[in-house]
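Everything on this sheet refers to the single structure shown next.
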Amino acid sequence: MEEGTKSKKTVFVGGISDDTDETTLYESFSTFGDILEVQLPPPVTQHYQNQNASAPKHRGFAFVTFSSSADAQDAIDNMDMNELKGRVLKVNLARPMKAALNLTGNRAIWESEEWLKEHVKPLAQSGGVQGRHARSQSPSAEPEESEKNKDDDDAMEE
C-alpha cells in the first residue's frame, strides 16, 4: 500500500476522553466501514505509566485507518463535531508529520566541507593560539586586562 493512499484512508480523531480506548473507537467508527487499524499514541512522558490509575493513558487523540477512502470520508462526515463519552470529537483526514520530512535539518553548518573551505582560515593565517598568546604578552594589553578585572571586582562588591 502506498503512503499517499494510506493517508487518505486514515482519519485523525481529536478530543477523545481519557477513558476512551481502542475498543470504544473501533465500535464507534466500524459503522462506517471496515477498520484496518486503531492507534492511540501513548503519552509523551513515560513517568505516567508508573503513577496512579487516573494518569492519562494516551495523548487525547487517535488514528483510525479504514479499508477504503470512501469509508474514511463517511466517518469524517458523520463523526466530526459529534460527542463520544461526553467530549466533542474533531475528525478529519490524517496528515503526515512535518518533522519526519526534515531529516538533514539538524546538522551544524560547519559540518559541511564546503562551508569550512569558504569560511575557515588555516591556523597559521588566523593567528591561532600563538596569536592570542602573543597579544596577551604585550605590555599594552596587560594594563587593560587588569583594569577590566578591577572593574569586574568593583561590580561584584556593589
Notebook entry, point to check: For the stretch 44-62, how many residues meet the condition of being buried (at least 16 other Cβ atoms within 10 Å of the Cβ) and at pLDDT 85 or above?
Noted result: 3
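Select from the stretch 69-95 the residues that are of a type in the set (Gly, Ala, Ser) and either touching a residue at least 60 places away in the same chain (Cβ under 8 Å) or closer than 14 Å to residue 24 by Cβ (or both) and list them in ascending order.
Step one: of the stretch 69-95, the residues of a type in the set (Gly, Ala, Ser) are 69-70, 72, 75, 86, 94.
Result: 69, 72, 75, 86, 94.
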Check: Looking at (1) modelled with pLDDT of 75 or more; (2) exposed (fewer than 10 other Cβ atoms within 10 Å of the Cβ); (3) among the hydrophobic types (A, V, I, L, M, F, W, C), which is the only condition residue 75 fails?
Finding: (2)
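I'd like the full set of residues that are open to solvent by less than 60 Å² (accessible area, probe 1.4 Å) and farther than 19 Å from residue 87 by Cβ, limited to the stretch 33-43. Quick ask: steps written out before the conclusion?
Quick first cut of the stretch 33-43, residues open to solvent by less than 60 Å² (accessible area, probe 1.4 Å) only: 33, 35, 38, 40-41, 43.
Of everything in the stretch 33-43, those that are open to solvent by less than 60 Å² (accessible area, probe 1.4 Å) and farther than 19 Å from residue 87 by Cβ turn out to be 33, 35.
The values are calculated or read from the model by the stated rules, or taken from the named source; none is laboratory data. These figures come from a predicted structure and were not determined experimentally. Note that we place each Cβ from the backbone using ideal geometry, even for glycine, and neighbour counts take in every protein chain shown. Areas reflect the complete protein model, heavy atoms only, side chains present, ligands, DNA and RNA absent. Shrake-Rupley method; radii C 1.70, N 1.55, O 1.52, S 1.80 Å.
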